[in-house]
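**Q** Have a look at this one before I ask anything.
The values are calculated or read from the model by the stated rules, or taken from the named source; none is laboratory data. Just so you know, these numbers come straight off a predicted model, no measurement behind them. Heads up, the Cβs are rebuilt from the backbone with ideal geometry, glycines too, and the neighbour counts pull from every protein chain shown. Surface accessibility is based on the protein's heavy atoms, side chains included, excluding ligands, DNA and RNA. Shrake-Rupley method; radii C 1.70, N 1.55, O 1.52, S 1.80 Å.
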Amino acid sequence: MKVSDNLAGIQERINQAALNVGRNPEEVTLIAVTKYTTIERTQEAISAGVIHLGENYEKGLLEKKQGVSDQAVWHFIGSLQSKKVKNLINEIDFLHSLDRLSLVKEIQKRAVGKVKCFVEVNTSGETTKHGIGVNDVIPFIQSLADYDRVQIVGLMTMATNTEDETVIRQCFVSLKQLQQEVQALAYPFAPCKELSMGMSGDYQIAVEEGATMVRIGTALVGD
Ligand SMILES: *Cc1c(COP(=O)(O)O)cnc(C)c1O
């Protein structure tokens, strides 16, 4: 399938999901996750109109950033090792996987400006998943006041990998609740307006539950 055809279908389903719940579809940003794919396919996505690109690995991101011919907005969505921060952090526009204070400290040391970060939250409770437990998110954010290179723009999650829509939806509902709690605290370093949630298998549910950024790989650039 051409990326442009996949994109048209996905955009249509995002629009429909938004309209189902009375949201403006323009509130939802599509991030094309290119971790499984080539520079050529990434370039095809950009040519089809994709502006936001997501990668899981430092190497993949730097290769794609060098390899494509257009400007893009770069999202790092994978788990980030502290030793990779130095080479990566000033190359990206958003970090979706902030999950520990040691990473915050390394960013503080290496970043030349403010880094827009999502706190990754483990909403499913699965031990295999990364992210901070739901009850630990607010204390974690409260501990960030002194690190002026880190700005918390939102929360990110991966829902339980299951066919059960109710279970998936519950992950997204709890992320949204938490985001509203953080936003209400009104910390200048944590505006926390964004919700990064929804992948190929569950983005329509995520949009219905308030996603402002969906991260789509397989359904968009896979075949
Ligand atoms: C791979 C990945 C995605 C995209 O997954 P698909 O199911 O291929 O759409 C989204 N978010 C994260 C964190 C990922 O690692």
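**Q** Filter the range 201-218 down to residues that are closer than 19 Å to Trp74 by Cα and within 9 Å of the ligand (Cβ to nearest atom) and give me whichever is farthest from the chain's Cα centre (by Cα).
**A** Checked the range 201-218; the qualifying residue farthest from the chain's Cα centre (by Cα) is Thr218.
**Q** Also, I was wondering about something else. What about Thr157, is it surrounded by fewer than 16 Cβ atoms within 10 Å (Cβ to Cβ) and within 13 Å of the ligand (Cβ to nearest atom)?
**A** Spelling it out, it is not the case that Thr157 is surrounded by fewer than 16 Cβ atoms within 10 Å (Cβ to Cβ) and within 13 Å of the ligand (Cβ to nearest atom).
For (1) surrounded by fewer than 22 Cβ atoms within 10 Å (Cβ to Cβ); (2) over 19 Å from Leu98 (Cα atoms), each residue gets a yes or a no:
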{"residue": "Gln183", "(1), (2)": "yes, no"}
{"residue": "Tyr187", "(1), (2)": "yes, no"}
{"residue": "Lys193", "(1), (2)": "yes, no"}
{"residue": "Gly198", "(1), (2)": "no, no"}
{"residue": "Ala206", "(1), (2)": "no, yes"}
{"residue": "Val214", "(1), (2)": "no, no"}
{"residue": "Gly217", "(1), (2)": "yes, yes"}
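**Q** For Leu178, are the conditions met, namely being without any contact (Cβ under 8 Å) to a residue 60 or more places away in the chain, among the hydrophobic types (A, V, I, L, M, F, W, C) and surrounded by fewer than 18 Cβ atoms within 10 Å (Cβ to Cβ)?
**A** Taking the combined requirement at face value, the residue does not satisfy it.
**Q** I'm trying to understand the selection: among the residues of the range 87-102, which are of a type in the set (S, T, N, Q) and either outside any helix (DSSP H, G or I) or touching a strand residue (DSSP E or B) at 6+ places or on another chain (Cβ under 6 Å) (or both)?
**A** Ser97 - this is the single residue of the range 87-102 that is of a type in the set (S, T, N, Q) and either outside any helix (DSSP H, G or I) or touching a strand residue (DSSP E or B) at 6+ places or on another chain (Cβ under 6 Å) (or both).
**Q** Just to be sure, is Thr123 within 16 Å of the ligand (Cβ to nearest atom) and either over 19 Å from the mean Cα position of the chain (by Cα) or within 20 Å of Ile31 (Cβ to Cβ) (or both)?
**A** Yes.
**Q** Oh, and also: On the basis of being closer than 30 Å to Asp146 by Cβ, modelled with pLDDT of 95 or more and open to solvent by less than 40 Å² (accessible area, probe 1.4 Å), does Val104 make the cut?
**A** In short, yes.
**Q** Return the residue satisfying two criteria in turn: it lies in the range 10-31 and is out of contact with any helix residue (DSSP H, G or I) (no Cβ under 8 Å at 6 or more places or on another chain) and within 14 Å of the ligand (Cβ to nearest atom), and of such residues it is most open to solvent (accessible area, probe 1.4 Å).
**A** The extreme case among them is Thr29.
**Q** Going through Ile138, Ile39 one at a time, which residue ends up being surrounded by fewer than 20 Cβ atoms within 10 Å (Cβ to Cβ), within 22 Å of Met213 (Cβ to Cβ) and out of contact with any Pro (no Cβ under 9 Å at 6 or more places or on another chain)?
**A** Ile138
**Q** Check the range 128-142 and report whether any residue there is within 13 Å of the ligand (Cβ to nearest atom) and within 19 Å of Thr29 (Cα to Cα).
**A** no
**Q** Pairs please, first residue from the range 118-145 and assigned to a strand (DSSP E or B), second anywhere and open to solvent by 50 Å² or more (accessible area, probe 1.4 Å) and of a type outside the set (Val, Ile, Thr), Cβ atoms under 8 Å, 6+ apart in sequence or on different chains.
**A** Close Cβ pairs satisfying both conditions: Phe118/Glu194; Glu120/His130; Asn122/His130; Ile132/Arg100; Gly133/Gly125.
**Q** Determine whether the range 72-86 contains at least one residue that is farther than 24 Å from Cys117 by Cβ, more than 15 Å from the ligand (Cβ to nearest atom), in contact with a helix residue (DSSP H, G or I) (Cβ under 7 Å, 6 or more places away or on another chain) and in a helix (DSSP H, G or I).
**A** No, the range 72-86 has no match at all.
**Q** Please indicate, with yes or no, whether at least one residue in the range 180-189 is part of a strand (DSSP E or B) and out of contact with any helix residue (DSSP H, G or I) (no Cβ under 9 Å at 6 or more places or on another chain).
**A** So far as the range 180-189 goes, no, none of its residues is part of a strand (DSSP E or B) and out of contact with any helix residue (DSSP H, G or I) (no Cβ under 9 Å at 6 or more places or on another chain).
**Q** Continuing with this model, one more query. What are the residue pairs meeting all of these: first residue in the range 71-84, first residue at pLDDT 95 or above, second residue open to solvent by less than 40 Å² (accessible area, probe 1.4 Å) and away from the ligand (no atom under 16 Å from the Cβ), Cβ atoms under 7 Å, and 6 or more apart or on different chains?
**A** Listed by first residue and then by second, the contacts come to Ala72/Ile46; Ser82/Glu106.
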